Amino acid sequence: MKRVLAAFVLAAGLVAAAGAVAPVRAGAPIPEIGGAAVTSVAGVVSHITPGVVGISVRGEVREVNPLAQDPLFRQFFNLRDQPIERETEAVGSGVIVDAERGYVLTNSHVVDNATKIEVTTKDNRRFAAKLIGRDTATDIALLQIPAESLTAVPIGNSDRLQVGDFVLAVGNPFGLGQTVTSGIVSALGRTGLGIEGYEDFIQTDASINPGNSGGALADLQGRLIGINTAILAPGGGNVGIGFAVPINMARDVMEQLIRYGEVRHGRIGVAIQDLTPDLARALGTTHTEGALVARVESGSAAQRAGLRSSDLIVAVDGAPIHNASELRNRVGLAQIGDNLELTVDRGGSERTVAVRIEQATAERQSGGRR
């Protein structure tokens, strides 16, 4: 399966090559440790790869015959305006994150329209997988397979990543089988790409291709720090710009999928926007980043907590907030009923505000309000 959004290709499916493949540059060089170049990361790779699996999906999609849209054609051939069911096949990747319970993280788009999901481990064992739940807004899905001598990839902390950190990408590109590539973290907190509803992507130059979706992005300690999701590829191949969902976000989604079978996105009832230099001057704040409250909904949790228009939210539970998308992610993925402590700049002075997370309706989730 391959999903295309603008110039972005979500690296899910098996794609047949048409003609020659253009050469691409190699991944990042291996760093030096103690003044000596490291010639191999085989030891680290050997700990990661048993926890990365291949995923094969069979599904059905319903399509409407375009000829049936013509009333004259439909009448002449006695066609009924009924959808046609078509079988689909796709491949992707996944990561075992809990060996005892058999939990496997992957991308939601990998298992889209799935009627049968099969997971293949590195040692070529095949298991029928159960879909615990999926969340299209973050493009994360959770599968479960029998916990039979599985190996999980240790979960790291994506909040500690820095631009320039070396990373390894492991997956099943083009259905070829397990493949490892290397690179660095090129950027953090990528948003506004129009790929998913909640965006906070890790950008990497490690080679990621169609079929890598749902695979592991790991650090050189063998810890899982992201789930590979998308590539920037106008021509459909790797050009050194790939994106991964941070593991901290994926873990929050996984916990809700285990608990509820779905993700119950939160809200507090504010319309927000990024802080610009012009707005910062108008507000008289010394902050250069944050989420500016444009409007507070009447009767909302934000109003009850005392938030006002023109408040600048600069931190949540002590962690800095750099832009509106980051605040949206924190609120949207928080547990319903939890309290968040917001650090607010109001008129040049800071204060803390405790606000309770409410559940977003489907209509509100699709909009820009938090």
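The values are calculated or read from the model by the stated rules, or taken from the named source; none is laboratory data. Just so we're clear, the structure is a prediction, and the values are computed from it rather than from any experiment. Positions of Cβ are generated from backbone atoms using ideal geometry, with glycine treated the same way; all protein chains shown enter the neighbour counts.
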Ala99 - would you say it is modelled with pLDDT under 90 and touching a helix residue (DSSP H, G or I) at 6+ places or on another chain (Cβ under 9 Å)? no
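Go over the candidates Ala218, Ala206 one by one and state the one that is in contact (Cβ under 8 Å) with a residue 24 or more places away in the chain and touching a helix residue (DSSP H, G or I) at 6+ places or on another chain (Cβ under 9 Å). It would help to see each step written out before you state the result.
Details: Ala206 fails: touching a helix residue (DSSP H, G or I) at 6+ places or on another chain (Cβ under 9 Å).
Selected residue: Ala218, the only one of Ala218, Ala206 that is in contact (Cβ under 8 Å) with a residue 24 or more places away in the chain and touching a helix residue (DSSP H, G or I) at 6+ places or on another chain (Cβ under 9 Å).
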Selected residue [more than 30 Å from Gly133 (Cα to Cα), modelled with pLDDT of 90 or more and surrounded by 15 or more Cβ atoms within 10 Å (Cβ to Cβ)] from Leu340, Leu307: Leu307
So the check is Cβ under 9 Å with 6+ separation or different chains; which pairs have a first residue in segment 294-322 that's over 15 Å from Thr343 (Cα atoms) and touching a residue at least 12 places away in the same chain (Cβ under 8 Å) and a second one that's in a loop (DSSP other than H, G, I, E, B) and acidic (Asp, Glu)? Val296/Asp311; Gln303/Glu297
Segment 285-300, subset surrounded by 21 or more Cβ atoms within 10 Å (Cβ to Cβ) and among the small types (Gly, Ala, Ser), residue nearest to Ile357 (Cα to Cα): Ala291
Count - residues of segment 207-233 that are among the hydrophobic types (A, V, I, L, M, F, W, C), buried (at least 24 other Cβ atoms within 10 Å of the Cβ) and at pLDDT 90 or above: 6
Output the residue which, of all residues in segment 136-180 that are surrounded by fewer than 23 Cβ atoms within 10 Å (Cβ to Cβ), in a strand (DSSP E or B) and not hydrophobic (A, V, I, L, M, F, W, C), is modelled with the lowest pLDDT. Thr179
Considering only residues that are of a type outside the set (Gly, Ala, Ser), assigned to a helix (DSSP H, G or I) and under 18 Å from Arg328 (Cα atoms), which ones fall in segment 280-312? Gln303
Quick one: Gln335 ticks every box in (1) assigned to a helix (DSSP H, G or I); (2) under 30 Å from Ile132 (Cα atoms); (3) not charged (D, E, K, R) bar one, so which box is it? (1)
Which condition from (1) in the same structural domain as Arg330 (by TED's automatic domain parsing); (2) surrounded by fewer than 19 Cβ atoms within 10 Å (Cβ to Cβ); (3) at pLDDT 90 or above is the one that Ala282 breaks? (3)
Asp200 - would you say it is charged (D, E, K, R) and surrounded by fewer than 19 Cβ atoms within 10 Å (Cβ to Cβ)? no
Suppose we filter Val270, Val263 for residues that are under 18 Å from Val355 (Cβ atoms) and either surrounded by fewer than 18 Cβ atoms within 10 Å (Cβ to Cβ) or touching a strand residue (DSSP E or B) at 6+ places or on another chain (Cβ under 9 Å) (or both); which single one remains? Val270
Could you figure out which of (1) modelled with pLDDT of 90 or more; (2) touching a strand residue (DSSP E or B) at 6+ places or on another chain (Cβ under 9 Å) isn't true of Ser298? (2)
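Here are some residues: Lys116, Lys122. Which one is part of a loop (DSSP other than H, G, I, E, B) and assigned by TED's automatic domain parsing to the domain that holds Ala218?
Exactly one of Lys116, Lys122 is part of a loop (DSSP other than H, G, I, E, B) and assigned by TED's automatic domain parsing to the domain that holds Ala218, namely Lys122.
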